[in-house]
């Protein structure tokens, strides 16, 4: 069994600064067909455009809670999820809308979920992209970071116990690697030789905290040898490189060779959520990434360079726009959850809790539901201002 | 049929459920080759092998999280906490992840977390705890805490078959002190039903786990010395609580003493008292009283531990005050 990662070329010196985009990796011959390469473009474009639609809905106050963007990270989400098969299971994080779309989530589900509709995937119980579907192969995340690593260790343990040729993939950010759950989950999965891929999306910030304050490790792949597992590292803004690195890890898992830690280096161009004004980001850093290393711009240039015609790309853009418009119309027409559904399904048995005595016979208790105010800095007056 | 101990009854339930259902498997620290810190899982590895009896790293978050993931996929994991005190390490995983899974994501989480609990064993602060109250407080979890060998077996089998996560507290003081004759056949005790441990007319003691025996001792003494007829209700299930059984005993005797080994503030006695107050106030002839542990970490020295924990004499004293009210 390989004891060390396949990635050995990463710099061992100072951590790469988030301010300096990584140089584009050497282009390889794509092993994907043209249809598949256009597929990747479709998912990335859908991710970005769907989030842009959500921003509009957020500003119209139709999104009930916070809005989380993955702007600039579409390639790492889409490329990594594209390495999985239908029967495989992934556990997304908040910046993995693209991964969920690849795995079968539909735009209308995302829109209904953000708008807290009664027929949304969680019937209004959970926020944003926190939902799952074991049939399509994704497990709903929770907010405490790192917790999905042990859970996915167990999901993949079941694959091993049942002799199934299935693989699991779990995403964590640079921040989640600091948690105890990350350590316990990856160690458990390593010891049990679970068919699990752990993807660390190194995007520069965890909320406002830069990676330099999360870890002294020069790069996240350096953690792999400590667990006795393999490692892969790729430019997370290169969708093909991301796909290929993840595919190697997935293939290794499917061959029964256990866990791989995949580090995808990318950059979070938006704040933690829409309310976050990113005051902690050095001037010019975001703009530099947008200008020099946008994953969709890079991929478009590559596709054109490979001979993909503009009308083929325009057709995908038109399809994405149409699908999002249609999904928005459907989602907006959906109703709010029935209040009594709040008491259903805590347990299989009993199937529902009883309303408290002062709510017996009632189905609504307030006339106007108060809207959440800003959580952070977005609407706050400048310090020192009257 | 020969009697077996409380501990052997738990082991018997594990063997029977693993035999009945190939999706049942055990995982925990030192449970395989060593057979567990108290030998509860002794013999399981030899019969079912390493794939179904998994010796894990020291990793409560990892073990509980992995059990949840396997449970989502249709397995029925049974996790052993080497001592239930260590369940605190997995508190986030149990309360944030497992307990919410069905509600927020429609993910079934049929799993059991079991482990040796409780004091009177000179175990000190980290091998004697009764952390049930924090989990009873969490919607989405079920909690059982048997006092008899029959219930230990029957409730564990019910817990393994339940479609949600059940925390199964085993009292280590009772492991080898308590014996019982197992009912024949497939002995399953339903979760959510209390057991009337002793019938009486003058006052009721509501309790569970090891203090059931202290309550029964006190009842004997009160009958002998005071001519009092004391009813003892063994809750067995703490979440859900058997409200019907609680109401019935309150309405029968009109005087209630609640006894538990857990500490006082935020302990279950407060919750039970509140429920009685809301539903049976007009049936009460006296205020509901509590005998519990003092609000301190459990100390090691016998003179200290015995002072902190509820004793039979405390129950007798409280019952006499209640009877005289």
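The values are calculated or read from the model by the stated rules, or taken from the named source; none is laboratory data. These numbers were taken from a predicted model, which means no experiment stands behind them. Cβ: placed from backbone, ideal geometry, glycine included. Neighbour counts: every protein chain shown.
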Can you tell me which of (1) in contact (Cβ under 8 Å) with a residue 12 or more places away in the chain; (2) farther than 17 Å from residue A:52 by Cα is the one residue A:323 doesn't meet?
(2)
Test each condition in (1) surrounded by 23 or more Cβ atoms within 10 Å (Cβ to Cβ); (2) within 13 Å of another protein chain (Cβ to nearest Cβ); (3) farther than 28 Å from residue A:342 by Cα for residue B:81 and report the one that comes out false.
(2)
Scan the stretch A:96-119 and tell me whether some residue there is within 11 Å of chain B (Cβ to nearest Cβ), touching a strand residue (DSSP E or B) at 6+ places or on another chain (Cβ under 9 Å) and crowded, with 21+ Cβ neighbours inside 10 Å.
no
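Okay, residues lined up against (1) within 14 Å of chain B (Cβ to nearest Cβ); (2) part of a helix (DSSP H, G or I):
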| site | (1), (2) |
| --- | --- |
| A:189 | yes, yes |
| A:212 | no, yes |
| A:218 | no, no |
| A:223 | no, yes |
| A:234 | no, no |
| A:237 | no, no |
| A:241 | no, yes |
| A:253 | no, yes |
Is there a residue in the stretch B:43-64 that is under 17 Å from residue B:163 (Cα atoms), within 12 Å of another protein chain (Cβ to nearest Cβ) and in contact with a helix residue (DSSP H, G or I) (Cβ under 9 Å, 6 or more places away or on another chain)?
yes
Do you know which residues across the stretch B:305-325 are part of a helix (DSSP H, G or I) and over 13 Å from residue B:257 (Cβ atoms)?
B:305, B:306, B:307, B:308, B:313
Within the stretch A:238-254, can you find the residues that are touching a residue at least 12 places away in the same chain (Cβ under 8 Å) and out of contact with any strand residue (DSSP E or B) (no Cβ under 8 Å at 6 or more places or on another chain)?
A:238, A:239, A:240, A:243, A:247, A:254
Given the criteria surrounded by 21 or more Cβ atoms within 10 Å (Cβ to Cβ) and either within 14 Å of chain A (Cβ to nearest Cβ) or free of Cβ contacts under 8 Å to residues at least 60 places away in the same chain (or both), does residue B:167 qualify?
yes
Of these, A:102, A:64, which one is closer than 30 Å to residue A:333 by Cα, modelled with pLDDT under 95 and touching a helix residue (DSSP H, G or I) at 6+ places or on another chain (Cβ under 9 Å)?
A:64
Which listed residue, of B:57, B:139, B:116, B:146, is buried (at least 23 other Cβ atoms within 10 Å of the Cβ), modelled with pLDDT of 95 or more and assigned to a loop (DSSP other than H, G, I, E, B):
B:146
(1) more than 21 Å from residue B:85 (Cα to Cα); (2) touching a strand residue (DSSP E or B) at 6+ places or on another chain (Cβ under 9 Å); (3) outside any helix (DSSP H, G or I): which one isn't true of residue B:42, the others all being true?
(2)
For the stretch A:165-177, indicate whether the set of residues that are within 8 Å of another protein chain (Cβ to nearest Cβ) and more than 15 Å from residue A:103 (Cβ to Cβ) is non-empty.
no
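Of everything in the stretch B:33-42 that's on the phi > 0 side of the Ramachandran plot and surrounded by fewer than 20 Cβ atoms within 10 Å (Cβ to Cβ), which residue is farthest from the other protein chains (Cβ to nearest Cβ)?
B:39
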Spot the failing condition for residue A:150; the list is (1) free of Cβ contacts under 8 Å to residues at least 60 places away in the same chain; (2) within 22 Å of residue A:251 (Cα to Cα); (3) away from chain B (no Cβ under 13 Å), and only one is missed.
(3)
Scan of the stretch B:84-112 for residues that are in contact with a helix residue (DSSP H, G or I) (Cβ under 6 Å, 6 or more places away or on another chain), at the interface with another protein chain (Cβ under 8 Å from one of its Cβ atoms) and surrounded by fewer than 24 Cβ atoms within 10 Å (Cβ to Cβ), ordered by number:
B:107
Whether any residue in the stretch B:142-156 is farther than 25 Å from residue B:181 by Cα and touching a helix residue (DSSP H, G or I) at 6+ places or on another chain (Cβ under 7 Å) is what I want to check.
no
Candidate set: the stretch B:217-252, residues that are surrounded by 20 or more Cβ atoms within 10 Å (Cβ to Cβ) and part of a helix (DSSP H, G or I); chosen: the one farthest from the other protein chains (Cβ to nearest Cβ):
B:222
Which number in (1) touching a strand residue (DSSP E or B) at 6+ places or on another chain (Cβ under 7 Å); (2) at the interface with another protein chain (Cβ under 9 Å from one of its Cβ atoms) marks the one condition that residue A:200 misses?
(2)
Looking only at the stretch A:218-234, count how many residues are crowded, with 24+ Cβ neighbours inside 10 Å and either under 16 Å from the mean Cα position of the chain (by Cα) or under 26 Å from residue A:287 (Cα atoms) (or both).
3
Mind checking which residues of the stretch B:65-78 are farther than 16 Å from residue A:181 by Cα and within 11 Å of chain A (Cβ to nearest Cβ)?
B:70, B:71, B:72, B:73, B:74, B:75, B:76, B:77
(1) part of a helix (DSSP H, G or I); (2) out of contact with any strand residue (DSSP E or B) (no Cβ under 9 Å at 6 or more places or on another chain) all hold for residue B:109 apart from (1)
Subset of the stretch A:153-162 (residues that are more than 7 Å from chain B (Cβ to nearest Cβ) and in contact with a helix residue (DSSP H, G or I) (Cβ under 7 Å, 6 or more places away or on another chain))
A:156
List the helices (runs of 4 or more DSSP H) that sit entirely inside the stretch A:272-366 and contain at least 3 residues that are within 14 Å of chain B (Cβ to nearest Cβ), on the phi > 0 side of the Ramachandran plot and touching a helix residue (DSSP H, G or I) at 6+ places or on another chain (Cβ under 6 Å).
none
Could you check the stretch A:131-145 and list, in sequence order, the residues that are under 11 Å from residue A:91 (Cβ atoms), in contact with a helix residue (DSSP H, G or I) (Cβ under 9 Å, 6 or more places away or on another chain) and more than 8 Å from every other protein chain (Cβ to nearest Cβ)?
A:138, A:141
